[in-house]
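For reference, the structure is listed below as structure tokens.
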Amino acid sequence: LVMKRIQQMDVFHRINRWVAISEAQKQVHIEMGIPGDRIDVIHHFYEPKGPVLPLPKDGYALFLGRLSNEKGCMDLVKAWRLMPPGRKLVIAGTGPELPALEAMVASARLTNVHFTGFVSKECQDALWQGASFLVVPSVWLEPFGMVVLEAWSRGRPVVAYAIGALPELVADGRTGLLVRPFDVNGLAAAMERLFENPDELAALAEAGRRELEARFSKAVWISKIHATYEKTLSTPL
């Protein structure tokens, strides 16, 4: 009802420029009725908080984020049941799905899955130090995915579902691995691929850090936002 009222008032055409944080989000906004030629895509930037961390010898797969349905942790645990023994998964965060996830892990007797609860930004160094890679199994249309940039800044590649904006960030086979959404078998295979191939893991990690510096720096963001300001000021409604 709110959207219909906004469209009736022609509010969208009274705004000079819009900013979307991804091409995926831009498409959603176009479907809402916002004119596509007035939307500029400007990705978030991320400034590394420290040097790249060396990859651990026997690291774990890491999920870091809110434990809610759209983040796909249920798929992650289902995929983990297919993994060979000797691997370790760390799920860091809290949220409404935590009890169900803990119950699923207990029911499947997955002794190699560890829940840390909430971990503050100031205490996440140890998480990244022990991680081999990050898993982003989101099952909704992620508008961006800042945690991907965090992983790259720490020197960690990413395994992610190819949904929402994630394919805009992660180049499959170059800065990480992309998996067809909801494919738990594919997710398990991608994680095992990185565990089994430390050289590929290291190459993906290095490429991710370069991608962060080339495409998602503060300087790139400032340049793009300045261009949007200039278009806004020079284009009358």
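The values are calculated or read from the model by the stated rules, or taken from the named source; none is laboratory data. Values in this document were obtained by computation on a predicted structure and should not be read as measured data. Please note: Cβ atoms are built from the backbone with ideal geometry, for glycine as well, and neighbour counts cover all protein chains shown. Ligands, DNA and RNA are excluded from the accessible area calculation, which covers all protein heavy atoms including side chains. Shrake-Rupley method; radii C 1.70, N 1.55, O 1.52, S 1.80 Å.
Structure summary
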| item | result |
| --- | --- |
| Tally, over the range 95-132, of residues that are within 24 Å of Leu194 (Cα to Cα) and of a type in the set (Lys, Arg) | 1 |
| In the range 171-189, the residues that are over 11 Å from Asp75 (Cα atoms) and β-branched (Val, Ile, Thr) | Thr175, Val179 |
| Residue satisfying condition, being more than 22 Å from the chain's Cα centre (by Cα) and either of a type in the set (A, V, I, L, M) or open to solvent by 50 Å² or more (accessible area, probe 1.4 Å) (or both), within set Ala106, Ala92, Ala61, Ala79 | Ala106 |
| Residues of the range 111-126 satisfying the condition of being modelled with pLDDT of 95 or more, under 20 Å from the mean Cα position of the chain (by Cα) and not in a loop (DSSP other than H, G, I, E, B) | Phe115, Thr116, Gly117 |
| Qualifying positions in the range 48-87 - modelled with pLDDT of 95 or more, of a type in the set (D, E, K, R) and over 14 Å from Ser138 (Cα atoms) | Arg81, Arg87 |
| Near pairs, Cβ below 8 angstrom, 6+ apart or cross-chain, from the range 146-171 (of a type in the set (S, T, N, Q)) to any residue that is modelled with pLDDT of 95 or more and part of a helix (DSSP H, G or I) | Ser153/Arg209; Ser153/Leu212 |
| Filtered residues of the range 190-221 (kept if within 26 Å of Lys78 (Cβ to Cβ) and surrounded by fewer than 16 Cβ atoms within 10 Å (Cβ to Cβ)) | Arg193, Glu196, Asn197, Pro198, Glu200 |
| Of residues in the range 146-173 being touching a Lys or Arg at 6+ places or on another chain (Cβ under 8 Å) and assigned to a loop (DSSP other than H, G, I, E, B), the one nearest to Leu53 (Cα to Cα) | Gly155 |
| Qualifying positions in the range 16-55 - open to solvent by 60 Å² or more (accessible area, probe 1.4 Å), in contact with a Ser or Thr (Cβ under 8 Å, 6 or more places away or on another chain) and either closer than 14 Å to Lys231 by Cβ or assigned to a helix (DSSP H, G or I) (or both) | Val19 |
| Odd one out for Leu187 among (1) of a type outside the set (Asp, Glu); (2) at pLDDT 95 or above; (3) over 24 Å from Ser138 (Cβ atoms) | (3) |
| Given (1) open to solvent by less than 30 Å² (accessible area, probe 1.4 Å); (2) touching a Gly at 6+ places or on another chain (Cβ under 8 Å), index of the condition Val139 fails | (1) |
| Matching residues in the range 1-15 - criterion: being part of a helix (DSSP H, G or I) and closer than 22 Å to Ser234 by Cα | Phe12, His13, Arg14 |
| Near pairs, Cβ below 9 angstrom, 6+ apart or cross-chain, from the range 192-213 (over 23 Å from Gly86 (Cβ atoms)) to any residue that is at pLDDT below 95 and open to solvent by 20 Å² or more (accessible area, probe 1.4 Å) | Glu206/Val52; Arg209/Pro48; Arg209/Val52; Leu212/Pro48; Glu213/Pro48 |
| Any hit, the range 154-177, residues being over 15 Å from Phe133 (Cα atoms), in contact with a helix residue (DSSP H, G or I) (Cβ under 6 Å, 6 or more places away or on another chain) and β-branched (Val, Ile, Thr) | no |
| Single unsatisfied condition, His13 versus (1) in contact with a helix residue (DSSP H, G or I) (Cβ under 6 Å, 6 or more places away or on another chain); (2) over 22 Å from Trp140 (Cα atoms); (3) open to solvent by 40 Å² or more (accessible area, probe 1.4 Å) | (1) |
